[in-house]
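The structure appears below as structure tokens.
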Amino acid sequence: MSSKKTNGLDPITTQVVRSTLVAAAEEMRLTMVRTAYSPLLYEIQDFGVAILNTEGEMLAQGTSMPVFSSCLQVTVRNGLKKFGINGFNPGDIIIANDPFTTGTHISDTSIYIPIIFDGSLQGFSAVTGHWADIGGIVPGGWCPNSTDVIQEGMTFPHLKLFDDGVQNDSLMDYINSNNRFPNLVRGDLKAQMATAKTGVERYLRLCEKYGADTVRDSMGTVMDQTEVRVRKIVSAMPNGTWSAESFLDHDGVNKDIPRTIKVTVTIEEDEVTVDFDGTSETAGGPINIPLAGARSSAEMAFKSATLPLEPSNEGHVRSLNVKASDNLLTNPSWPAPCDSYGYASVLITDLVSEALANAVPDRCPAGEYMLFGAFMLRVDPKYGEPFIAVDPVDGGGGALSTDDGADALIFHMDGDVANLPAEVCETRYPLRMERYELRTEEYGIGKFRGGLGVIRDYCFLEDDCQIQIANELTQARPHGLNGGHDGGINSIKMHAGSNEEELLTERATGMGPFKTGDVISLRSAGGGGYGDPLDRDPERVRKEIQNGIVSSQQAKEFYGVVATRNDSGFEIDQEGTKQTREERRTI
């Protein structure tokens, strides 16, 4: 069998190059996991990796945080603006975290290394990771009430940490002296450098084997082919304009003012435009998201509705246009605070998906639970060994047009990020996880129900610890679709099981100090439902009764399903169910 050539390229070689770069990006991810010091990186995997060309176009990414994908492209492009195409040397390592040139928040620090072959720049290997601490007014970042970016921590405006192979000792000393957990940060920084070097080495091997021109041209062909496929899918969608909007609870500073995020999605021929006009102006608190991060959040919903299973490259999003007027919450300018950008990021993905569902309901899920997590920490060594444990709590995914939402998954922006394993938690920190189970409340019912959230109970084993809670959308709920009910609300129980027990849904920081034996209970929400609950398959309901997800009384209340107990469990009363549903439909 002979193979045809495309633009002078052997298509088999082209696909080998593509697959090798995808594998290289995944090897970068594994390098990060194997060398990082903080569980936030090696277990939770709050990082992203990518290999990019000399235009900052993404060639391949590893499985980790998808929100960093588009942002790494913007990061590298801004580095190119600063240094110029000829401003990079072998041995250079650049560090950047300025939100307005990297796209997220100051805690997400990027390292990128130029790939130079035979004296010519071929591209970049890049990694963004959430540092255990970046200085600023709260440990671990994620400031709840900062009023400008300067308060949020150290800023690296694309600086050469290594210049032509020589370390910038002053910059390294500055980093070590301006964070609360220098050993963790120093170790994670070295892991990022090792990760980026892995990508460089793998790209150079491809150049040595096939030649730099073949590698570059092969990936150009791959991106073009991907673009053609995506445009064909978009062309099959109905043309039209649809909007979706919701509001964030508050900005952390002005707590009585909800902040609106509105997206308008327009499908025209083979292009999709997401417009943020109608969104609130830049907030006084840190819930703003730079435009690069807002675009990346929109890209996640777009790719999910087009080619969700393919390894990503720039071609997947060339047909997507994202617009925002100046000085919006989704397009702030310096020095606006951005450290809690993630609330907006998750909601943007949710809203773009909701708007797209008007055109392609079979490709878009209902709303998932919103961002939720906890920082458990101690900083002052006079009270005990300092530590910081970060747990982005998993919750319920939105229902699909064909199935229930996923139980216990992580929110959109974090993609393949995991929660903090109990074993790691208990060996690294003065904490004991006393409960981890599905939460059988606070989810949207429907023909297909939203996924279930979880309950995670932590017991403090030492005194003088504090917590900071990240939580969002406690006033508005994740949307249901096509008659499905809205999803649930995240909450936390302070001093759970004691006489002081208190239920909170609001974001909070600096709570404590807690005493030995105090328990906090983190309770994430479920996702929105899809379709009329009275159309749910009674057999699905029976299994949920059997498994304790709903009671027989709730089955009748929620779904019109009548079930009776027998020796082997429960069985459906078919006639009773039919009659109940008919009665409910006539009301």
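If I go through the stretch 447-477 residue by residue, how many of them are outside any strand (DSSP E or B) and at negative phi?
13
Cβ-Cβ under 6 Å, sequence separation 6+ or interchain: first residue in the stretch 54-77 and more than 19 Å from A298 (Cα to Cα) and free of Cβ contacts under 8 Å to residues at least 24 places away in the same chain, partner buried (at least 24 other Cβ atoms within 10 Å of the Cβ) and aliphatic (A, V, I, L, M). Which pairs?
none
Determine if the stretch 191-201 includes at least one residue that is more than 18 Å from Q45 (Cβ to Cβ), in contact (Cβ under 8 Å) with a residue 12 or more places away in the chain and part of a helix (DSSP H, G or I).
Yes.
Being β-branched (V, I, T) and either farther than 21 Å from F117 by Cβ or open to solvent by 30 Å² or more (accessible area, probe 1.4 Å) (or both) is the filter here; which residues of the stretch 55-88 pass it?
T63, V67, V74, T75, I85
Could you list all residues from the stretch 349-376 that are assigned to a strand (DSSP E or B) and surrounded by 24 or more Cβ atoms within 10 Å (Cβ to Cβ)?
If the condition is that a residue be assigned to a strand (DSSP E or B) and surrounded by 24 or more Cβ atoms within 10 Å (Cβ to Cβ), then F372, G373, M376 are the ones that fit.
Name the residue, out of T266, T214, T226, T260, that is within 26 Å of D118 (Cβ to Cβ) and among the hydroxyl-bearing types (S, T, Y).
Working: T266 fails: within 26 Å of D118 (Cβ to Cβ); T226 fails: within 26 Å of D118 (Cβ to Cβ); T260 fails: within 26 Å of D118 (Cβ to Cβ).
Being within 26 Å of D118 (Cβ to Cβ) and among the hydroxyl-bearing types (S, T, Y) holds for just one of T266, T214, T226, T260, which is T214.
When both residues are 6+ apart or on different chains and their Cβ atoms are under 7 Å apart, which pairs have a first residue that lies in the stretch 568-587 and is over 16 Å from Q554 (Cα atoms), and a second that is at pLDDT 95 or above and open to solvent by less than 40 Å² (accessible area, probe 1.4 Å)?
R585/L534
Select from the stretch 285-297 the residues that are more than 19 Å from G62 (Cα to Cα) and open to solvent by less than 10 Å² (accessible area, probe 1.4 Å) and list them in ascending order.
G285, P286, I287, N288, I289, P290, A294 - these are the residues of the stretch 285-297 that are more than 19 Å from G62 (Cα to Cα) and open to solvent by less than 10 Å² (accessible area, probe 1.4 Å).
Within the stretch 136-150, work out how many residues are surrounded by 20 or more Cβ atoms within 10 Å (Cβ to Cβ) and at pLDDT 95 or above.
Counting residues in the stretch 136-150 that are surrounded by 20 or more Cβ atoms within 10 Å (Cβ to Cβ) and at pLDDT 95 or above gives 2.
Give the residue that is surrounded by the fewest Cβ atoms within 10 Å (Cβ to Cβ), with candidates limited to residues of the stretch 439-458 that are within 21 Å of the chain's Cα centre (by Cα) and of a type in the set (A, V, I, L, M, F, W, C).
The residue in question is I455.
Given the criteria surrounded by 20 or more Cβ atoms within 10 Å (Cβ to Cβ), aliphatic (A, V, I, L, M), under 24 Å from the mean Cα position of the chain (by Cα) and in a helix (DSSP H, G or I), does A244 qualify?
no
Would the stretch 166-180 turn up any residue that is closer than 25 Å to P286 by Cα, among the basic types (K, R) and more than 24 Å from the chain's Cα centre (by Cα)?
yes
Could you please let me know if D251 is surrounded by fewer than 20 Cβ atoms within 10 Å (Cβ to Cβ) and among the acidic types (D, E)?
Considered against the rule, which asks whether it is surrounded by fewer than 20 Cβ atoms within 10 Å (Cβ to Cβ) and among the acidic types (D, E), D251 comes out as no.
With F156, F117, F162 as the choices, which residue is open to solvent by less than 20 Å² (accessible area, probe 1.4 Å) and in contact (Cβ under 8 Å) with a residue 60 or more places away in the chain?
The match here is F156.
Looking only at residues that are among the hydrophobic types (A, V, I, L, M, F, W, C) and under 15 Å from the mean Cα position of the chain (by Cα) in the stretch 315-348, which one is surrounded by the most Cβ atoms within 10 Å (Cβ to Cβ)?
Initially, the stretch 315-348 is screened for residues among the hydrophobic types (A, V, I, L, M, F, W, C), giving 317, 320, 322, 324, 328-329, 334, 336, 338, 344, 346-348.
Next cut, under 15 Å from the mean Cα position of the chain (by Cα) only: 344, 346-348.
Details: A344: 26, V346: 26, L347: 29, I348: 31.
For the stretch 315-348, the residue satisfying everything is I348.
Quick check, is M223 of a type in the set (A, V, I, L, M, F, W, C) and in contact with a Gly (Cβ under 6 Å, 6 or more places away or on another chain)?
In short, yes.
For residues that are assigned to a strand (DSSP E or B), modelled with pLDDT under 90 and open to solvent by 50 Å² or more (accessible area, probe 1.4 Å), tally how many sit in the stretch 492-524.
Residues in the stretch 492-524 being assigned to a strand (DSSP E or B), modelled with pLDDT under 90 and open to solvent by 50 Å² or more (accessible area, probe 1.4 Å): 1 in total.
Would you pick out the residues in the stretch 549-587 that are at pLDDT 95 or above, small (G, A, S) and open to solvent by 30 Å² or more (accessible area, probe 1.4 Å)?
Listed by number, the residues that qualify are S551, S552.
Restricting to the stretch 427-445, name every residue that is assigned to a strand (DSSP E or B) and acidic (D, E).
Hits for the stretch 427-445 are E434, E437.
The values are calculated or read from the model by the stated rules, or taken from the named source; none is laboratory data. Quick caveat: nothing in here was measured; it's all calculated off a predicted structure. With ideal geometry, Cβ positions are generated from the backbone for all residues, glycine too; neighbour counts draw on all protein chains shown. SASA here: full protein model, heavy atoms, side chains in, ligands and nucleic acids out. Shrake-Rupley method; radii C 1.70, N 1.55, O 1.52, S 1.80 Å.
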